[in-house]
Structures are given as structure tokens and as C-alpha cells.
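Enquirer: The structure under discussion is supplied below as C-alpha cells; questions concerning it will follow.
The values are calculated or read from the model by the stated rules, or taken from the named source; none is laboratory data. Quick caveat, the model's predicted, so the values are computed rather than measured. Quick reminder, even Gly has a Cβ in these numbers, built from the backbone with ideal geometry, and neighbours come from all protein chains shown.
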Amino acid sequence: MRFLRPWIVAPLVLVLIALSVVTSASPNAGREQRVRDARARGSHRGRGGDPLIAAAGDISWQGESSEADGQTSALILDLAPTAVLTLGDNQYEDGELAEFMGSYDPTWGRFKGITRPVPGNHDYHTEGAQGYFDYFGDAASPPEGYYSFDIGRWHLVAVNSGDGISDEQMTWIRRDLRSDGHECELAYWHHPRWSSGSTHGSDEGMSAVWGLMYRQGVDVVLNGHDHLYERFARLNAVGELDRGGVREIIAGTGGSSLYGFGDREDGSQVRISEYGALALVLHEHSYEWDFLRAEDGRSLDHGRTACHS
């Protein structure tokens, strides 16, 4: 019987140990590292760290929580954001409180305390969106469902388009933005003015509120409704390219289902049909976005834009 020499055995043992460590590593290790990379790109730029927010809409299907909304919620937990924005249709099919408790709460409910929601049309399948308001409580600003708040150097406006945008709400939005003195402003609601999605597409009913955002100098608008990710160039009130315009980002990718794309709308720059969450770093004079795939945390779209001066 032949024996390996000691100076050969020792290196072989070290190699086997290293291989064992690699093969036994958590399957989520790669995703976790990519999420850390996403945070490092933006969340520690300013003195003390600039705030990071996470956003997505069209989240939970009725019944038990799905794998997809479990993945998006785990991704957001890894990001450890300052706040989470939901972009409407938080709970399918009808937004009943029992449905929220059965599927939304075990996943996205884990960061309910930092969630700033807006409702979608499915949340209004229950009269007055009562299940939505009962679940989120004062954070949803019942019964109107629209409100504003500040994060860091930014002003954010939560618009309720779930059952249409009333004249009273438009008046409130106009007054809120006119009285705000922040350089950087963000607004979010469910129905996108512009979309290349084949299921819903662009919503002309949002023309008035989009025009108001443009006239008031809002920097970025976030939407859901179409179950996909789409990022637009900065556009004016009628959808033309404008360096002083508003950038729209659709992130209806929270977990309920995915839609496809039809003809590309003018100004559309990126179109992705995968589950994921949008991470936004709110710098003092700019914002940075990162669309992260739910499955592995990989960045699928990243960039940075200065706010309007």
C-alpha cells in the first residue's frame, strides 16, 4: 500500500476544507453581497449617510404569501431602508383586511412601521378601501389617503389615485407643492401617466396630475399598476423629452404577478419584466436609483440624476 507524503497531504487537506466552505455557503450569499454593494453605492455618501428608500407596488396575492413577495420583502429587509413606499394594489384580489393579514402581513408587514403606503384600484374593491385603511391605520392618512412628508433634504407627496383623483385632492397637492421649499421633490401613486405595458399602458386620466408635477418642478414620480419595471427619461407635461422635466419610474414588481410590454412609449429608456424592488438614495442635490432583482439582489438598472436647481 502506497501512502501520500506529508508535504502532499497537508495542502490537499487545506484545499478540501476550502471547497467544503464554498459548497456549504448559504445560497443567498451572492444576493446578500449584491445588496450590500447596492447600499455601498449610495447610502453612505453624505455625512452620516444619505437616506435610502425602497419602493414597489402590486405586492401580495390572496391566500398564503407567494415566493415572489417573500423574496421582495427579504430584499428590502436586507437593504435596511429609512422608509418603504408601496405603490398601490398592496393586497389582491379585493384588499380585504383578512387578505392583508393572510398574505401581505407575513412578508411586507415585517417593515410596516416604516411603510408609507398609497392605495391602488384593487385596494378599493373593498368599499372605501376599508381593509387598506384598517391595516395601515394612521400611516395611510384615512379617509383621504393622500399626504406629504419629508425625508432628509427631500419632500415626498403620496397621491391617492386608487379611486381617481378628486378636485379636492388636486387643490391640496397644488397647495402643498407651492408651499414647499425643498430643492428635491418626489411624488408617488398607483396609475402611471406613461407606460409601455401591454396590459394597462399609459393612463390619460393622470394627465392633470402629471402636468401639475411638471409645472411645480417635481423631480421624480413612482408608480405601479403595470406589473413590470420601466424607467423613463425626463418628460414634460405632454410626454416630450425635457431636461427640466419629470422622470417616471414604474415598479409594479412587488410579487403578485408580472406583465409584458407592448409598443415602446416615447421616452422609455429601460423595460424589465422581473420581480424586484426599487432602491432610491436621496442625496442633498440628486437621487440615485437601483432596481434590484428579487431572486438574487442583482442590480438590473442603476443611475443618478441631479435635482432641478
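Enquirer: Give me the strands (runs of 3 or more DSSP E) completely within the range 77-166, filtered to those with at least 2 residues that are touching a Leu at 6+ places or on another chain (Cβ under 7 Å), ordered by residue number. First the steps, then the outcome.
Expert: On the way: elements: 83-86, 147-151, 154-158.
Fully inside the range 77-166 and qualifying: 147-151, 154-158.
Enquirer: Hey, another quick one. Could you please let me know if Asn28 is at pLDDT 95 or above and of a type in the set (S, T, N, Q)?
Expert: Working: at pLDDT 95 or above: no; of a type in the set (S, T, N, Q): yes.
No.
Enquirer: Taking the range 105-146 on its own, how many of its residues are over 12 Å from Thr86 (Cα atoms) and without any contact (Cβ under 8 Å) to a residue 24 or more places away in the chain?
Expert: The number of residues fulfilling the criteria is 9.
Enquirer: Which is in contact with a helix residue (DSSP H, G or I) (Cβ under 8 Å, 6 or more places away or on another chain) and closer than 28 Å to Tyr104 by Cβ, of Ala251, Ala237, Ala279? Walk me through it before giving the result.
Expert: Values: Ala251 fails: in contact with a helix residue (DSSP H, G or I) (Cβ under 8 Å, 6 or more places away or on another chain); Ala237 fails: closer than 28 Å to Tyr104 by Cβ.
The conditions single out Ala279.
Enquirer: Hey, any hits in the range 111-127 for a residue that's more than 19 Å from Ala74 (Cβ to Cβ) and of a type in the set (Val, Ile, Thr)?
Expert: Yes.
Enquirer: Restricting attention to the range 214-267, report how many residues are in contact (Cβ under 8 Å) with a residue 40 or more places away in the chain and either part of a strand (DSSP E or B) or of a type in the set (Phe, Trp, Tyr) (or both).
Expert: So the answer is 15.
Enquirer: Hey, among the residues in the range 269-302 that are assigned to a strand (DSSP E or B) and among the polar types (S, T, N, Q), which one's farthest from Leu241 (Cα to Cα)?
Expert: Residues of the range 269-302 that are assigned to a strand (DSSP E or B), as a first pass: 269-272, 276-282, 286-293, 299-302.
Remaining after also requiring among the polar types (S, T, N, Q): 269, 286, 299.
Values: Gln269: 12, Ser286: 19, Ser299: 26 Å.
Looking at the filtered set, the residue picked out is Ser299.
The rows are residues; the columns are (1) surrounded by fewer than 17 Cβ atoms within 10 Å (Cβ to Cβ); (2) modelled with pLDDT of 95 or more; (3) more than 20 Å from Arg247 (Cα to Cα); (4) touching a Cys at 6+ places or on another chain (Cβ under 6 Å).
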position: Glu168; (1), (2), (3), (4): yes, yes, yes, no
position: Arg175; (1), (2), (3), (4): yes, yes, yes, no
position: Cys184; (1), (2), (3), (4): no, yes, no, yes
position: Trp189; (1), (2), (3), (4): no, yes, no, no
position: Pro192; (1), (2), (3), (4): no, yes, no, no
position: Asp203; (1), (2), (3), (4): no, yes, no, no
position: Val209; (1), (2), (3), (4): no, yes, no, no
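Enquirer: Test Ala74 against the criterion of being modelled with pLDDT under 95 and either in a helix (DSSP H, G or I) or polar (S, T, N, Q) (or both), and give yes or no. Give the derivation first.
Expert: Details: modelled with pLDDT under 95: no; either in a helix (DSSP H, G or I) or polar (S, T, N, Q) (or both): yes.
Criteria not met by Ala74.
Enquirer: List every residue pair whose Cβ atoms sit under 8 Å apart, with the two residues 6 or more apart in sequence or on different chains, where the first one lies in the range 289-309 and is closer than 11 Å to Ala277 by Cβ and the second, anywhere, is in a strand (DSSP E or B) and at pLDDT below 95.
Expert: Nothing qualifies.
Enquirer: Report the residue count in the range 34-60 for those that are in a loop (DSSP other than H, G, I, E, B) and either modelled with pLDDT under 75 or surrounded by 20 or more Cβ atoms within 10 Å (Cβ to Cβ) (or both). Give the derivation first.
Expert: Taking the range 34-60 and keeping what is in a loop (DSSP other than H, G, I, E, B), we get 43-51, 57-59.
When the remaining residues are screened for being either modelled with pLDDT under 75 or surrounded by 20 or more Cβ atoms within 10 Å (Cβ to Cβ) (or both), the result is 43-48, 50, 57-59.
So the count comes out to 10.
Enquirer: State the number of residues belonging to the range 54-108 that are of a type in the set (Asp, Glu) and in contact with a strand residue (DSSP E or B) (Cβ under 7 Å, 6 or more places away or on another chain). Quick ask: steps written out before the conclusion?
Expert: The first filter runs over the range 54-108 and keeps only residues of a type in the set (Asp, Glu), leaving 58, 64, 67, 69, 78, 89, 93-94, 96, 99, 105.
Still in the running and in contact with a strand residue (DSSP E or B) (Cβ under 7 Å, 6 or more places away or on another chain): 69, 99.
Count: 2.
Enquirer: Could you check the range 115-159 and list, in sequence order, the residues that are touching a Gly at 6+ places or on another chain (Cβ under 9 Å) and among the small types (Gly, Ala, Ser)?
Expert: Gly120, Ala129, Gly131, Ala139, Gly145, Gly152, Ala158
Enquirer: Further question: Would you mind stating whether Gly205 is in contact (Cβ under 8 Å) with a residue 24 or more places away in the chain, more than 17 Å from the chain's Cα centre (by Cα) and on the phi > 0 side of the Ramachandran plot?
Expert: Numbers: in contact (Cβ under 8 Å) with a residue 24 or more places away in the chain: yes; more than 17 Å from the chain's Cα centre (by Cα): yes; on the phi > 0 side of the Ramachandran plot: no.
In short, no.
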